[in-house]
Amino acid sequence: MKIKEINVGKVSAPLKKPFKTALRTVYQVENVGVMIITDTDNIGYGEAAPTAVITGDTKGSIIDAIENYIGPSLIGLEISNIEEIMYRLHKSIVGNTSAKSAIDMAIYDLYGQYYKTPLYKLLGGYRDELETDLTISVNSPEEMAKDSIEAVRRG
């Protein structure tokens, strides 16, 4: 299974309610989606969030990094050769962590497909669920308390 092409596009979706931090308020997700297509027509998917105020990455910089630097360095590589892929991914361009993470996700998606095994098992995990965290938007103390209680109830 060799990497044949890498496609990028914009992904947009409105949020149910605005997400606020000290640096910005987000009303809808405006991300960059990645599809890595192999010579066996398998497709791996990844996504990058452009957060210029945090990482310095914009939609334009993510797309440019993938199309002109990262992508060309990976075309033709075997998915099973994960070490070579990751070496080239990280050597292809300095910084650009959002672009690299989108490619990383898509590569690992294909890696699991290649071995016909859920990725968590390939990475040594024994659980098929992850516990994650939740960030509460910056609002008035009363609204943050209400949002926290609702989040705990949802489990």
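The values are calculated or read from the model by the stated rules, or taken from the named source; none is laboratory data. This structure is a prediction, so every number in the text was calculated from the model and none was measured. Neighbour counts are summed over all protein chains in view; Cβ atoms, including those assigned to glycine, are modelled from backbone coordinates with ideal geometry. Calculation scope for accessible area: heavy atoms of the full protein, side chains included, ligands and nucleic acids excluded. Shrake-Rupley method; radii C 1.70, N 1.55, O 1.52, S 1.80 Å.
Please identify, among ASP128, ASP41, ASP109, the residue showing maximal mean-square fluctuation in a Gaussian network model of the chain using a 10 angstrom Cα cutoff. Maximum among the listed residues: ASP128. As a calculated quantity, the FRET efficiency between GLU84 and ASN42 at R0 = 22 Å, using C-beta atoms, amounts to about 0.75. Element breakdown for the chain at a 1.4 angstrom probe: carbon and sulfur atoms account for 54% of the accessible area.
For the chain, the relative contact order works out to 23 percent when only alpha carbon pairs closer than 8 Å and six or more residues apart are counted. Each residue, ARG24 and GLU131, gets one label point 7 Å from its Cα in the Cβ direction; the gap between the two is 3.1 nm. Taken over the stretch 107-155, the convex hull of the Cα atoms encloses 104 Å³ per residue.
Hey, can you find the accessible area per residue of the chain for me, probe 1.4 Å, expressed in square angstrom? Each step should come with its number before you reach the end.
Working: 9820 Å² over 155 residues.
Per-residue value: 63 Å².
In plain terms, the chain from ASN68 to MET144 could stretch by 23.1 nm, reckoned as 0.36 nm per residue minus the Cα-Cα distance.
Note: the stretch 32-115, Cα convex hull, 77 Å³ per residue.
All alpha carbon pair distances within the chain were sorted into 10 Å bins beginning at 0; the resulting P(r) in whole percents reads 10, 32, 30, 21, 7, 0. Across the stretch 1-80, C-alpha contacts under 8 Å between residues 6 or more apart give a mean separation that, scaled by the residue count, equals a relative contact order of 37 percent.
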